[in-house]
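The values are calculated or read from the model by the stated rules, or taken from the named source; none is laboratory data. Model, not experiment: these values are computed from the prediction. Using ideal geometry, Cβ is built from the backbone for each residue, glycine included, and neighbour counts are taken over all protein chains shown.
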Amino acid sequence: MSILVIAEHDNKALNGATLNVVAAAQKIGGDITVLVAGSGAQAVADQAAKVAGVSKVLLADDAAYANQLAENVAKLVASIGSGYSHILAASTTTGKNVLPRAAALLDVSMITDIIAVEGPKTFKRPIYAGNAIATVESGESIVVATVRGTAFDAVAAEGGSAAIEAAASAGDAGISKFVSEEIVKSERPELTAARIVVSGGRGVGSGENYHTVLDPLADKLGAAQGASRAAVDAGFVPNDMQVGQTGKIVAPDLYIAVGISGAIQHLAGMKESKVIVAINKDEEAPINSVADYWLVGDLNTVVPELVSKI
Ligand SMILES: Cc1cc2nc3c(=O)[nH]c(=O)nc-3n(C[C@H](O)[C@H](O)[C@H](O)COP(=O)(O)OP(=O)(O)OC[C@H]3O[C@@H](n4cnc5c(N)ncnc54)[C@H](O)[C@@H]3O)c2cc1C
């Protein structure tokens, strides 16, 4: 078997999510090639070559890949990927943007969000917001799949010594162009990779109160910050902070849910966290069904008190 893993990166550094995808590839078994599509991305290829278990890195360096436009990257993945038995990417915004397009170009169906490898073509994946797990078998000649990172322990970033080869660019697909991007700069850890996550829900009341109450807690714990969809929809915080079925999937060592009721769509994004703490004034809030610890009280007094004691 030959597996092509699509690297996620920003032209400077390899995103940790790629290490989880390589772990899933190892479970499938076979030669693992990492494709780095970028512009001025030699440093990313160098990092990918050091990843444990990787046998080859393909670097497609072209201005067409500078901003990871899905149309351009998918065209490249389809042209290179036809020679592989499996094509894998992280189940992130980027992976979910690129891989369905590549699968369509290859005229194969794809499997999304795999959480376990049962065989070379058989996988487990969550359905109904994680309330049931389906075992699916691909009948395609090329298995195209996105991998839920939290379900696979990352391989070591160091220890490998793969060869780096240049790959021919597939050029610009000519159907999209990069205009601009606004990136929220934060000193906090990235939400999906953080060891501790502090999330706020509708119960925090406003964007201002979100920061007044939750920032000191996140600062003390060195935590990333998340939110429920209700908090995002109300405009308290940007939507890249949403945790849940239609947001990000996280599984940190510690997840603190503040003023979040625990709707199944929210639980779908955080219930695999190792320790869950809920802070809610309603002792019957559904979040308590998954919480290891819960503090019943008004978040406006409980959280500052907690911060003063850490
Ligand atoms: C297709 C679909 C996809 C969805 N995807 C997502 C998703 O990805 N993520 C997500 O989060 N939701 C998602 N939702 C929405 C979800 O169903 C809930 O509406 C949402 O999670 C509720 O957010 P919340 O818990 O912040 O708000 P609420 O349900 O309103 O809960 C607020 C909580 O705060 C508590 N509270 C209020 N004031 C205080 C106080 N002063 N002190 C302490 N506690 C207080 C209340 O007791 C309550 O439990 C989705 C819904 C649908 C239909």
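When you scan region 152-172, do you find a residue that is at pLDDT 95 or above, over 25 Å from ASP46 (Cα atoms), surrounded by 18 or more Cβ atoms within 10 Å (Cβ to Cβ) and more than 16 Å from the ligand (Cβ to nearest atom), even just one?
No, region 152-172 has no match at all.
Of everything in region 252-287 that's assigned to a strand (DSSP E or B) and farther than 12 Å from VAL197 by Cβ, which residue is nearest to the ligand (Cβ to nearest atom)?
From region 252-287, those assigned to a strand (DSSP E or B) are 254-258, 275-280; that's our starting set.
In the following step, the residues that additionally are farther than 12 Å from VAL197 by Cβ were identified as 278-280.
Values: ALA278: 9, ILE279: 6, ASN280: 4 Å.
Selected residue: ASN280.
Go through (1) buried (at least 18 other Cβ atoms within 10 Å of the Cβ); (2) of a type in the set (Ser, Thr, Tyr); (3) away from the ligand (no atom under 16 Å from the Cβ) and name the single condition SER176 misses.
Only one criterion in (1) buried (at least 18 other Cβ atoms within 10 Å of the Cβ); (2) of a type in the set (Ser, Thr, Tyr); (3) away from the ligand (no atom under 16 Å from the Cβ) is unmet by SER176, namely (1).
Restricted to region 179-229, and to residues that are over 20 Å from the mean Cα position of the chain (by Cα) and charged (D, E, K, R), which residue is surrounded by the most Cβ atoms within 10 Å (Cβ to Cβ)?
Among those that are over 20 Å from the mean Cα position of the chain (by Cα) and charged (D, E, K, R), it is ARG202.
Which of the residues that make up region 1-21 are polar (S, T, N, Q), more than 10 Å from the chain's Cα centre (by Cα) and in a loop (DSSP other than H, G, I, E, B)? Reasoning before the result, please.
Of region 1-21, the ones polar (S, T, N, Q) are 2, 11, 15, 18, 20.
Still in the running and more than 10 Å from the chain's Cα centre (by Cα): 2, 11.
ASN11 - this is the single residue of region 1-21 that is polar (S, T, N, Q), more than 10 Å from the chain's Cα centre (by Cα) and in a loop (DSSP other than H, G, I, E, B).
Counting only residues that are among the hydroxyl-bearing types (Ser, Thr, Tyr) and either more than 13 Å from the ligand (Cβ to nearest atom) or outside the structural domain of ALA278 (by the TED database) (or both), how many does region 300-310 have?
We begin by selecting, within region 300-310, every residue among the hydroxyl-bearing types (Ser, Thr, Tyr); these are 301, 308.
Within this subset, residues satisfying the condition of being either more than 13 Å from the ligand (Cβ to nearest atom) or outside the structural domain of ALA278 (by the TED database) (or both) are 308.
Within region 300-310, residues that are among the hydroxyl-bearing types (Ser, Thr, Tyr) and either more than 13 Å from the ligand (Cβ to nearest atom) or outside the structural domain of ALA278 (by the TED database) (or both) number 1.
Just one of the numbered conditions (1) at pLDDT below 95; (2) buried (at least 18 other Cβ atoms within 10 Å of the Cβ); (3) near the ligand (Cβ under 9 Å from one of its atoms) is not true of THR246; which one?
(2)
Hey, any hits in region 210-220 for a residue that's aliphatic (A, V, I, L, M) and near the ligand (Cβ under 9 Å from one of its atoms)?
Applying the first criterion (aliphatic (A, V, I, L, M)) to region 210-220 yields 213-214, 217-218.
Okay, now just the ones that are also near the ligand (Cβ under 9 Å from one of its atoms), so none.
Scanning region 210-220 turns up no residue that is aliphatic (A, V, I, L, M) and near the ligand (Cβ under 9 Å from one of its atoms).
Does any residue of region 288-299 turn out to be modelled with pLDDT of 95 or more, within 12 Å of the ligand (Cβ to nearest atom) and in a helix (DSSP H, G or I)?
So far as region 288-299 goes, yes, one or more of its residues are modelled with pLDDT of 95 or more, within 12 Å of the ligand (Cβ to nearest atom) and in a helix (DSSP H, G or I).
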